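Input: a single structure, listed below in structure tokens.
The values are calculated or read from the model by the stated rules, or taken from the named source; none is laboratory data. This one's a predicted model, so the numbers in the text were calculated from it and none came from an experiment. No Cβ is skipped: glycine too gets one built from the backbone with ideal geometry, and neighbour counts run over all protein chains shown. Accessible surface areas use protein heavy atoms only, side chains included; no ligands, DNA or RNA. Shrake-Rupley method; radii C 1.70, N 1.55, O 1.52, S 1.80 Å.
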Amino acid sequence: MFQFAIEPFSFFVGFITATVMWFVIARARPLLAELREGMKERREVAQTRKASSVEENHRRITLRRAQGMHLASPLFALDEILQEPLVLAPPQIQEPGASGNFTDVVTQTLPYLPTWPELAAVYQPQTLTLPEVLTGNANVVIIGQPGIGKTVALAHLASLAANRSEKLGTLQDAVPFHFHVADLNLPVQDPKNILNPIIEASSTHAPMFDLGRIPAFVQSAFKSGSVLLLVDGYDEVTQDEQHLVAGFFKLLTQTYPEVRIVTTGAPEYLNGLITLGFVPLSLCSWSSQRNREFIEQWGGLWSNTVAMEAWAQTGPEQVDPLLINSWLGSDISNLSPFELTLKTWGAYAGDSLGAHILEVISTHVRRIAPSDTPLAALETLAMQVMISAKPIFDPRKARDWVKSFEVAEETPQETVSEEPEAGTKEDTKSRKGKKVEKVSTPNTGLLGLMAASGLLIVHPNNRMRFVHPILAGYLAGQALTNYNMDESLINQPDWSGKYLAMRYVAAHGDASRLVQSMMEFSRLPVHRPLFAAARWLRDAPRNAPWRGKMFATLAAILQSEGIPLGVRGQAMAAFVYSNDPSAAALFRQFIASNSFELIHLAILGAGAIRDSKSIKILEHALQAPSLPVKRAACMALTAIGTNESLEIVAQALLGGEEDIRRAAGEALANDPGEGHSMLRDGVTINDILLRRSVIYGLGRVKESWALDLLKKIQIEDDQWVVRNAATEVLDSKSKIAALAPRTIKPPSETPWLIEFAAKKGLGISPGVPATDILILAFKDDNPEIRLSALQFLKSTPQDVVLQQIYQAMYKDDPELREASYNAIWEIGTSGVKLPHPSQDGFV
């Protein structure tokens with residue numbers, strides 16, 4: 001048996017060494033932890049730096065693209081020529097028990113007409129900027145007719161977001177993703193890869209070195225929730241394609257509920273969006289003042305940039321911009337921003353074919369079409385786009401449409417054997433001396449020439465479209481006048497291209513059959529086809545055989561008692577928009593009627609067309625027993641804008657009743673010349689009611705001097721009534737975010753509804769429809785409860801719900817009637833087939 005002797009010295013040395021080692025390790029442990037943490041932080045910083053560089057490149061590219069997304073992009077950047085987009089503030093619904101929002105008299109007097117914003121351009125009710133809209137928490141669809149500026153609105157938002165503008169408030173750091181629907185490869189095959197369309201579209205414009213990092217960047221941005229998704233072109237595509245996009249939005253919002261989406265839509269059809277909670281907001285037309293500002297802005301830029309180019313210096317002598325602006329300002333009523341831009345461009349370039357809007361559009365087609373390309377080729381392509389209902393078309397199919405216009409080319413010795421897919425790089429390598437067949441791509445042939453000239457836009461995945469739907473509609477309308485295609489157009493499901501094509505058929509030829517069909521399809525409660533066709537009146541020949549019947553139908557609707565002003569007001573707006581000289585006499589005739597609602601609308605119409613012959617009649621209307629009529633008369637007289645009409649409003653401000661004084665003060669805010677001068681002078685007059693009325697007018701003036709004056713009055717005026725009015729107006733300006741659209745909480749989380757149900761001995765369970773309780777609330781005597789319940793009911797358009805809304809729409813309560821009509825309009829645009837009111841005996 002072996003025995004080991006322990007040497008004391010060795011044992012002692014080993015013990016001391018081990019003790020020192022463990023002591024060092026124990027002391028070093030925090031240092032090691034700190035070292036590991038530092039390495040982790042360095043890795044995170046490196047990843048953040050990589051992500052940051054990708055994000056900055058993405059923002060820079062987004063800004064560059066957005067600045068070129070407008071009609072005059074060959075000449076100016078967007079911010080150089082921008083008129084800030086404004087939307088009509090939606091009607092405010094006050095929840096039971098909540099404090100009411102301030103509403104000016106003009107907004108109360110003018111019917112809410114989201115489908116006819118041209119009237120709002122005259123009378124200027126409450127509006128919101130796009131950053132103000134985003135202070136709410138709802139997804140938004142910006143609606144408007146083609147050419148009103150929806151693409152520019154989204155490009156403006158994209159520019160603000162790319163620059164991290166402080167105007168965006170809580171969305172200042174949101175990452176913008178700005179696309180056209182043609183950029184998105186839909187439908188998504190696997191919901192788990194819902195971001196693939198965004199990743200693919202972002203990669204199309206990304207630098208080569210960022211391509212591998214785009215997927216992680218997009219996923220990180222959406223997971224953070226700090227994303228602003230801007231999708232253009234929803235209004236341009238057919239209903240089937242709209243359903244694809246809406247389905248994508250649905251999956252996206254379910255997976256990433258914090259993402260904010262803004263898209264574009266047509267006022268007549270928003271298939272799938274309303275049920276997803278999107279709030280439709282109508283983009284405003286430009287007022288006469290904004291038209292003048294745009295023309296002057298264009299003139300200054302043209303003189304300082306385009307006119308200094310060498311080709312301009314060697315050409316004919318430039319006309320004085322003052323003369324051009326004066327000529328332009330004399331005939332620009334009811335022009336859209338698209339049309340005014342083209343008219344101004346033609347005036348300054350000197351290449352306009354004429355003053356009529358059809359000639360203005362024709363000038364621009366000639367301006368951007370490829371040289372030596374027959375007009376018939378452009379018309380044929382546009383006609384096929386409309387007939388086939390393919391606003392976003394495959395260039396491989398489109399070549400068959402225009403192949404008869406192709407110019408034969410010599411086949412080169414080395415060419416590509418197969419057509420590459422869009423979005424991939426063409427492999428031009430081939431073996432030496434080998435001949436292969438040449439096949440056209442979107443960048444070759446006639447379509448390639450159109451794309452290079454700017455008439456067509458190329459998108460990934462073999463997609464092309466016209467640069468603007470109006471140009472496609474105009475060209476198609478010209479072509480269709482030579483073919484009997486009326487039935488093919490009418491039988492198509494509703495989409496914007498169909499209506500544009502029919503509009504320009506009516507402008508170039510006889511559209512009697514089209515109009516007859518539209519009028520036969522039209523019915524209460526919204527008369528959508530009729531009012532769509534009414535927009536054709538402005539450009540159609542004055543001797544068109546269908547005009548008389550159209551005007552008679554519109555006049556009948558305008559005179560119909562018992563239907564909402566939202567319907568009758570559209571008929572009045574159609575007369576205004578038509579620019580027909582007979583409208584003035586019709587409005588004067590209606591002002592003499594015995595119906596105060598008809599008088600109210602006719603007065604607004606007379607003011608909108610600036611009928612100076614109606615001034616005496618409007619002066620007499622200031623004595624009417626109806627307050628809406630008197631308010632409308634003040635607004636119309638100011639809109640007419642002559643010395644005589646403004647003097648009458650001034651007299652009403654000085655010596656009228658209190659309500660009329662306030663209406664006069666607010667109306668004068670719409671006149672930037674004499675009206676503003678009167679308001680400035682009014683604050684110095686020793687009359688309490690006058691100064692108080694002037695304050696409400698100053699509150700509608702969106703200029704810094706008016707704000708400074710209100711702040712001064714709030715402190716220095718010696719009458720508390722006046723100071724309180726100034727405080728009220730200033731508070732309303734600071735609370736503008738309260739007008740922004742917001743999502744509706746579920747019924748089980750809505751305090752007023754829970755309280756209402758409790759009083760009825762009922763309960764509301766989470767996740768369970770509360771339709772029965774909401775119908776009870778909608779029948780309640782409290783108007784606030786009824787209006788609040790309506791906001792929930794319009795999202796569940798069952799038969800019993802529609803019946804209740806119809807019943808409210810034909811009752812005597814004006815506020816409930818108009819709110820019910822607006823709800824029915826939204827339900828109709830969402831794709832629900834609305835029954836005729838006569839089915840339930842309402843008309």
Open item on the list: Checking Asn482 against (1) modelled with pLDDT of 85 or more; (2) in contact with a helix residue (DSSP H, G or I) (Cβ under 7 Å, 6 or more places away or on another chain); (3) under 30 Å from Val360 (Cβ atoms): exactly one of these is not met. Which one?
Closed with: (2)
TODO: Determine whether segment 692-705 contains at least one residue that is aliphatic (A, V, I, L, M), crowded, with 21+ Cβ neighbours inside 10 Å, touching a Lys or Arg at 6+ places or on another chain (Cβ under 7 Å) and farther than 23 Å from Thr129 by Cα.
DONE: no
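Restricting attention to segment 777-816, report how many residues are of a type outside the set (Val, Ile, Thr) and touching a Phe, Trp or Tyr at 6+ places or on another chain (Cβ under 8 Å).
Count: 13.
Every residue, every condition in (1) of a type in the set (Gly, Ala, Ser); (2) crowded, with 23+ Cβ neighbours inside 10 Å; (3) touching a helix residue (DSSP H, G or I) at 6+ places or on another chain (Cβ under 9 Å), yes or no:
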position: Ala534; (1), (2), (3): yes, yes, yes
position: Ser582; (1), (2), (3): yes, no, yes
position: His600; (1), (2), (3): no, yes, yes
position: Ser614; (1), (2), (3): yes, yes, yes
- [ ] Name the residue, out of Tyr810, Tyr821, Tyr806, that is out of contact with any strand residue (DSSP E or B) (no Cβ under 6 Å at 6 or more places or on another chain), crowded, with 16+ Cβ neighbours inside 10 Å and within 21 Å of Ser282 (Cα to Cα).
- [x] Tyr821
Open item on the list: Where the second residue is hydroxyl-bearing (Ser, Thr, Tyr) and open to solvent by less than 30 Å² (accessible area, probe 1.4 Å) and the first is farther than 17 Å from Ser73 by Cα and lies in segment 361-387, which pairs have Cβ atoms under 9 Å and are six or more apart or on separate chains?
Closed with: Ser362/Tyr474; Ala382/Tyr474
- [ ] Could you check Val218 against (1) in contact with a His (Cβ under 7 Å, 6 or more places away or on another chain); (2) farther than 25 Å from Phe393 by Cβ and say which number it fails?
- [x] (1)
- [ ] Quick one: in segment 706-735, of everything that is open to solvent by less than 60 Å² (accessible area, probe 1.4 Å) and among the hydroxyl-bearing types (Ser, Thr, Tyr), which residue is farthest from the chain's Cα centre (by Cα)?
- [x] Thr727
- [ ] Evaluate the following for Asp240: is it open to solvent by 10 Å² or more (accessible area, probe 1.4 Å), more than 28 Å from Ala89 (Cβ to Cβ) and not polar (S, T, N, Q)?
- [x] yes
- [ ] Only residues that are in a helix (DSSP H, G or I), in contact with a Gly (Cβ under 8 Å, 6 or more places away or on another chain) and under 28 Å from Pro541 (Cα atoms): list them for segment 363-405, please.
- [x] Thr363, His364, Ile368, Ala382, Val385, Met386
TODO: Would you please name the residue that is most open to solvent (accessible area, probe 1.4 Å), looking only at residues in segment 211-232 that are over 29 Å from the mean Cα position of the chain (by Cα) and within 20 Å of His459 (Cβ to Cβ)?
DONE: Leu211
Task: Residue tally, condition open to solvent by less than 20 Å² (accessible area, probe 1.4 Å), closer than 19 Å to Ile470 by Cβ and β-branched (Val, Ile, Thr), over segment 357-408 - done: 6
Open item on the list: Would you confirm, using the coordinates I've provided, whether Ala552 is part of a helix (DSSP H, G or I), touching a Phe, Trp or Tyr at 6+ places or on another chain (Cβ under 7 Å) and either at pLDDT 95 or above or of a type in the set (D, E, K, R) (or both)?
Closed with: no
TODO: Output the residue which, of all residues in segment 491-532 that are within 24 Å of Lys390 (Cβ to Cβ) and assigned to a loop (DSSP other than H, G, I, E, B), is farthest from the chain's Cα centre (by Cα).
DONE: Gly509
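When you go through Thr829, Thr796 one by one, which is the residue that is closer than 21 Å to Pro747 by Cα and of a type in the set (S, T, N, Q)?
Values: Thr829 fails: closer than 21 Å to Pro747 by Cα.
None of the others qualify; the one that does is Thr796.
Show me the helices (runs of 4 or more DSSP H) found entirely inside segment 184-290 where at least 3 residues are closer than 24 Å to Asn137 by Cβ. Show your work before the answer.
On the way: elements: 196-205, 214-224, 239-255.
It comes to 214-224, 239-255.
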TODO: Please tell me if Pro541 is touching a residue at least 40 places away in the same chain (Cβ under 8 Å), out of contact with any strand residue (DSSP E or B) (no Cβ under 7 Å at 6 or more places or on another chain) and not acidic (Asp, Glu).
DONE: no
- [ ] Could you grab me the full set of residues in segment 649-689 that are open to solvent by less than 10 Å² (accessible area, probe 1.4 Å), closer than 18 Å to Gln714 by Cβ and out of contact with any Gly (no Cβ under 6 Å at 6 or more places or on another chain)?
- [x] Gly682
Open item on the list: Restricting to segment 710-731, name every residue that is among the acidic types (Asp, Glu), in a helix (DSSP H, G or I) and without any contact (Cβ under 8 Å) to a residue 60 or more places away in the chain.
Closed with: Glu716
Open item on the list: Of everything in segment 747-781, what is open to solvent by less than 60 Å² (accessible area, probe 1.4 Å) and either touching a strand residue (DSSP E or B) at 6+ places or on another chain (Cβ under 8 Å) or under 30 Å from Val87 (Cβ atoms) (or both)? Give them in sequence order.
Closed with: Pro747, Thr750, Trp752, Leu753, Leu774, Ala777, Phe778
- [ ] Restrict the check to segment 732-753 and report whether at least one residue is in a helix (DSSP H, G or I) and closer than 19 Å to Gly665 by Cβ.
- [x] yes
Open item on the list: What's the total number of residues in segment 592-609 that are among the hydrophobic types (A, V, I, L, M, F, W, C) and under 16 Å from Leu565 (Cα atoms)?
Closed with: 7
- [ ] Out of the residues in segment 536-549 that are of a type outside the set (D, E, K, R) and surrounded by 18 or more Cβ atoms within 10 Å (Cβ to Cβ), state the one that is farthest from Leu335 (Cα to Cα).
- [x] Trp546
TODO: Considering only segment 508-517, state which residues are touching a helix residue (DSSP H, G or I) at 6+ places or on another chain (Cβ under 7 Å) and either without any contact (Cβ under 8 Å) to a residue 24 or more places away in the chain or open to solvent by 10 Å² or more (accessible area, probe 1.4 Å) (or both).
DONE: His508, Arg513, Ser517
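Do the conditions hold for Arg535, that is, is it modelled with pLDDT of 95 or more and under 24 Å from the mean Cα position of the chain (by Cα)?
Details: modelled with pLDDT of 95 or more: yes; under 24 Å from the mean Cα position of the chain (by Cα): yes.
Against the criterion (modelled with pLDDT of 95 or more and under 24 Å from the mean Cα position of the chain (by Cα)), Arg535 qualifies.
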Task: Selected residue (only one of Glu784, Glu815, Glu826 is of a type in the set (Asp, Glu) and under 24 Å from the mean Cα position of the chain (by Cα)) - done: Glu826
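In segment 160-185, how many residues are in contact with a His (Cβ under 9 Å, 6 or more places away or on another chain) and closer than 30 Å to Asn334 by Cα?
Pass one, segment 160-185, residues in contact with a His (Cβ under 9 Å, 6 or more places away or on another chain): 161-162, 175-177, 180, 182-183.
Okay, now just the ones that are also closer than 30 Å to Asn334 by Cα, so 180.
Total satisfying the criteria: 1.
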- [ ] Could you list all residues from segment 460-491 that are open to solvent by 20 Å² or more (accessible area, probe 1.4 Å) and closer than 15 Å to Leu375 by Cβ?
- [x] Gln478, Thr481, Asn482
